[in-house]
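Visitor: Sharing a structure, written as structure tokens. Questions coming.
What follows is calculated from the coordinates using simple rules that are stated; it is not laboratory data. No experiment lies behind these values; they were computed from the predicted model shown. Virtual Cβ from ideal backbone geometry, glycine too; neighbours counted across all protein chains shown.
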């Protein structure tokens, strides 16, 4: 599929904010001196009066977003995942989560696919952190089509939402004319009976690729895209556990606290089956080209195939 | 200030202090010291200055107040009860399981505009509210009250930079300068002084007053209304524990509740003060 279009979800984020601004007049955008990178600069160019740069001060930005939301605006507070979920965690918890304010956090540059900047900027912990906040919704879109719809869906949902976007251009595989994003609903992309591969974000495409190789080997793998990590579609996850008897989770995030943990927690309560988690192990990332890093950390179709083969043996 | 209005405010502040003692005594915990130091300020704001309506707590164009020093919620709860947002009897439920009067302010209480308590965060929220009014050309004002120890938090200065950059002249931040924080005197813990110079350096219009003098309080807020193009910081010098003799200027009363004997003594003192005002 050499001719497949690739696009970074941060681009989708910036463009959809611009495209939705006219329809949602209370939408305003905040950034912390990263507008060029988070792509909110696209919005800024079109709507300079509704864009507010907070400077390199993420804690304050989250508080400002809370104040805007408390007075009827729909603020999108944007910065890198590292600073949104990491540095500003306590402000997100106490000033946004606890009062359940209608703040949308647009966190870009999530995961190791940040690339050359290395470990300080590669946030593999944000999903884990955000999951611990009661009432927080977490969306991790898999491609451009899903990301755009997810942004509008977040606007229409009243309450705090953490949205995770990537720096790396990734394949656009959803059909923009037919795809319909439903908050909190997982998507079965491919049916299968031997194993379910549950993936999120940019790993969904890799999971699909892996399922094709597995099919050639005679393994029928179901592929599920979980774009909304919280609230998790436990009904679907539990059904997959019961139907296929083993689950493999794939995420560009620490194996501690992310999608894999969420799935394992759900499955233990409804249909205990083996859950094999693929993600970044308990370690930091490092510098390098994003695509090479993904391979090095096993976040690729090849490793999914290998781990899935072994996972089936656990049944 | 008109003497009749002043006397009325003094009575309200005195009653608010009783509410603080009542609440913390019944809770067997809480922060009376810093609550007592802001009762005069809150009495002025809620009974003279702010456009709020207890019958319509969600009124869209109401003035907002964010108690950034959220641990002094007992003072705010007292004032809101006196104003009629909820029955004064509820003050006794402070910090009890099932009570709406949480240890720190919670947004779902009538009259409370924002949850707060983790220090340094309220001023950022107040900035957001003030910016929001600017965006949609609304005329409400936003007030926030900070502790003097609280301003040791770095976020306060991020917010201060933001407020002056966006020329939030609809924002007034009051620093309750009682000179004490949990570990001791400001000057001995990790001093943020000089406070006025710091806000000036961050581009604010600064007014320094005695926070227990209603004439000075009124003058400061009237002056704040005339300032355009920059936010206003009112540094009010106060006495921690004000109004209860044995609590005044005693750091030990930052975060401990009176026992029965102390409660009775404090209430007797405040009742006498109220009686003196009514004579």
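Visitor: If a residue has to be farther than 21 Å from residue A:139 by Cα and in contact (Cβ under 8 Å) with a residue 24 or more places away in the chain to count, how many in the stretch A:64-84 make the cut?
Guide: Going through the stretch A:64-84 one residue at a time, the tally reaches 4.
Visitor: Moving to a separate point now. Let me confirm something: among B:159, B:224, B:163, which residue is outside any loop (DSSP other than H, G, I, E, B) and over 19 Å from the mean Cα position of the chain (by Cα)?
Guide: Residue meeting the stated conditions: B:163.
Visitor: Which residues, counting only those in the stretch B:166-195, are under 18 Å from residue B:232 (Cβ atoms) and in a loop (DSSP other than H, G, I, E, B)?
Guide: Within the stretch B:166-195, B:166, B:167, B:168, B:169, B:170, B:194 meet the criteria.
Visitor: Additional query: Restrict the check to the stretch B:173-186 and report whether at least one residue is in contact with a helix residue (DSSP H, G or I) (Cβ under 9 Å, 6 or more places away or on another chain), in contact (Cβ under 8 Å) with a residue 12 or more places away in the chain, within 14 Å of chain A (Cβ to nearest Cβ) and buried (at least 21 other Cβ atoms within 10 Å of the Cβ).
Guide: For the stretch B:173-186, residues in contact with a helix residue (DSSP H, G or I) (Cβ under 9 Å, 6 or more places away or on another chain), in contact (Cβ under 8 Å) with a residue 12 or more places away in the chain, within 14 Å of chain A (Cβ to nearest Cβ) and buried (at least 21 other Cβ atoms within 10 Å of the Cβ): present.
Visitor: Could you list, in sequence order, the residues of the stretch B:134-156 that are at the interface with another protein chain (Cβ under 10 Å from one of its Cβ atoms) and over 29 Å from residue A:26 (Cα atoms)?
Guide: Hits for the stretch B:134-156 are B:153, B:154.
Visitor: Can you say whether residue A:37 is surrounded by fewer than 21 Cβ atoms within 10 Å (Cβ to Cβ), closer than 19 Å to residue A:102 by Cβ and under 24 Å from the mean Cα position of the chain (by Cα), as far as the supplied structure shows?
Guide: No.
Visitor: Does residue A:91 satisfy being surrounded by 23 or more Cβ atoms within 10 Å (Cβ to Cβ) and more than 8 Å from every other protein chain (Cβ to nearest Cβ)?
Guide: No; evaluated as a whole, the condition is false for this residue.
Visitor: From the list A:249, A:228, pick out the single residue that is buried (at least 20 other Cβ atoms within 10 Å of the Cβ), in contact (Cβ under 8 Å) with a residue 40 or more places away in the chain, out of contact with any helix residue (DSSP H, G or I) (no Cβ under 7 Å at 6 or more places or on another chain) and under 27 Å from residue A:82 (Cβ atoms).
Guide: A:228
Visitor: Considering only residues that are out of contact with any strand residue (DSSP E or B) (no Cβ under 7 Å at 6 or more places or on another chain) and more than 7 Å from every other protein chain (Cβ to nearest Cβ), which ones fall in the stretch A:56-71?
Guide: A:56
Visitor: If you don't mind, there's one more thing I want to ask. Do the conditions hold for residue A:315, that is, is it assigned to a helix (DSSP H, G or I) and surrounded by fewer than 20 Cβ atoms within 10 Å (Cβ to Cβ)?
Guide: For residue A:315, the condition - assigned to a helix (DSSP H, G or I) and surrounded by fewer than 20 Cβ atoms within 10 Å (Cβ to Cβ) - is not met.
Visitor: A further question on this structure: Condition (residue is in contact with a helix residue (DSSP H, G or I) (Cβ under 6 Å, 6 or more places away or on another chain) and under 21 Å from residue B:121 (Cα atoms)) applied to the stretch B:205-224: is it met by at least one residue?
Guide: Yes: the stretch B:205-224 contains one or more residues that are in contact with a helix residue (DSSP H, G or I) (Cβ under 6 Å, 6 or more places away or on another chain) and under 21 Å from residue B:121 (Cα atoms).
Visitor: So which residues in the stretch B:199-221 are crowded, with 19+ Cβ neighbours inside 10 Å and touching a residue at least 40 places away in the same chain (Cβ under 8 Å), if there are any at all?
Guide: B:202, B:204, B:211, B:212, B:214, B:217, B:218, B:221
Visitor: Could you check, for the stretch B:228-244, whether at least one of its residues is assigned to a loop (DSSP other than H, G, I, E, B), within 23 Å of residue B:19 (Cβ to Cβ) and without any contact (Cβ under 8 Å) to a residue 12 or more places away in the chain?
Guide: no
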